[in-house]
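No lab work stands behind these numbers, since they all come straight from the coordinates. Quantities reported herein were computed from a predicted structural model and do not represent experimental measurements. When we count neighbours, we look across all protein chains shown, and the Cβ atoms used for this are built from the backbone with ideal geometry, even at glycine.
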Amino acid sequence: MMKKMYLIFIVAMSISAVGAEQKLPVHDDIYQTITQFIHAKLVASVDYSVNIMPLDNQLQLAECSVALEAFSSSETINAGRYSVGVRCKGEKKWTIYVSVLISVFKDVVMLTRPMQRGDIITETMLSIERRDISSLREDFFTDISQVLNKQVVRSMSAGSVISVRNIVEPVLIKKGDKVAIRSEKSGLSISMTGIALMDGAKGQRIRVKNESSSRIINATIVDAGLVLVD
């Protein structure tokens, strides 16, 4: 995907506030230098917008006899507020720091309807929508298959972005459920019945009571009603 870059300048110009010696073209050069700097830092596939906070029209900076140079304290640029330094190394040296707001857009998995705690997510409840991830943590999903059949841990409204913190593997076995206990060793498979002594999701180890011997063992949940003894 080609990089889409939108540059937003919020520059309120007042002729009466601009002194005779002020060089607004210098401001334009600063904006352009910052834009090129950010453009070079972000990967080619990123869809983003850059909002450069306007410089004070009364800020007087000398025309630079050499190309302006942008720099930052960070090697990488992430979504959100960011500070970029611009300096002139010409005859009249100066340095200025400008605040920049970077919005990065990605396709994320969202809910199309409200869900209550404990509900299981199905495909009809989901959609993929493009969102500004600047205010999101890096734990969102970009593929519907990543959240299908997961269980939500809290109530969520329609339009919510699903994150890792919102979902867990569904409970397949509940305390008191009758389960099949399977033991596979040396190519032999042995099955017996037992009672689950705790809730659990797929892959979780739970305590199970063997109905025949009354022995309590630890087993891994394989599926609903089925546990495996190591």
(message) Among N57, S134, V86, whose Cα projects farthest towards the positive end of the dipole of the chain, with charges put on the beta-carbon of Lys, Arg (+1) and Asp, Glu (-1)?
(response) S134
(message) Explain nothing, just compute: Karplus ³J(HN,Hα) = 6.51 cos²θ - 1.76 cosθ + 1.60, θ = phi - 60°, for every residue of region 30-41 in order, whole Hz, x for Gly and Pro.
(response) 5, 4, 5, 5, 5, 4, 5, 5, 5, 4, 6, 7
(request) In Å³ and rounded to a whole number, note down the convex hull volume per residue for the Cα atoms of region 172-229. (result) 66
(request) Evaluate the relative contact order of region 110-213 (contact order divided by residue number), counting alpha-carbon pairs under 8 angstrom at least 6 apart; express in whole percent. (result) 23
(message) With θ taken as phi - 60° and the coefficients 6.51, -1.76 and 1.60, list the Karplus ³J(HN,Hα) couplings across region 75-84 in order, rounded to whole Hz; mark glycine and proline as x.
(response) 6, 10, 10, 10, 5, x, 7, 8, 10, 10
(request) Pairs to check: K150/K185; K150/K202; K41/K93; K150/K175; K150/K209. Give those whose C-alpha atoms are more than 22 Å from each other in this structure. (result) K150/K185; K41/K93; K150/K209
(message) Given contacts defined as C-alpha pairs under 8 Å and at least six residues apart, what's the relative contact order of the chain, whole-number percent?
(response) 12
(request) Can you give me the P(r) profile for the chain? Cα pairs, bins 10 angstrom wide beginning at 0, each as a whole percent. (result) 7, 21, 17, 15, 13, 11, 7, 5, 2, 0
(request) Before rounding to the nearest 500, sum -39500 (n - 2.57) across all DSSP H runs of length at least 4 in the chain and divide by the residue total; then give [θ] at 222 nm in deg cm²/dmol. (result) -2500 deg cm²/dmol
(request) Find how many whole Å separate the alpha carbon centroid of region 148-194 from the alpha carbon centroid of region 90-126. (result) 30
(request) Add +1 for every Lys or Arg and -1 for every Asp or Glu among the other residues with Cβ under 15 Å from the Cβ of G85, and state the total. (result) +2
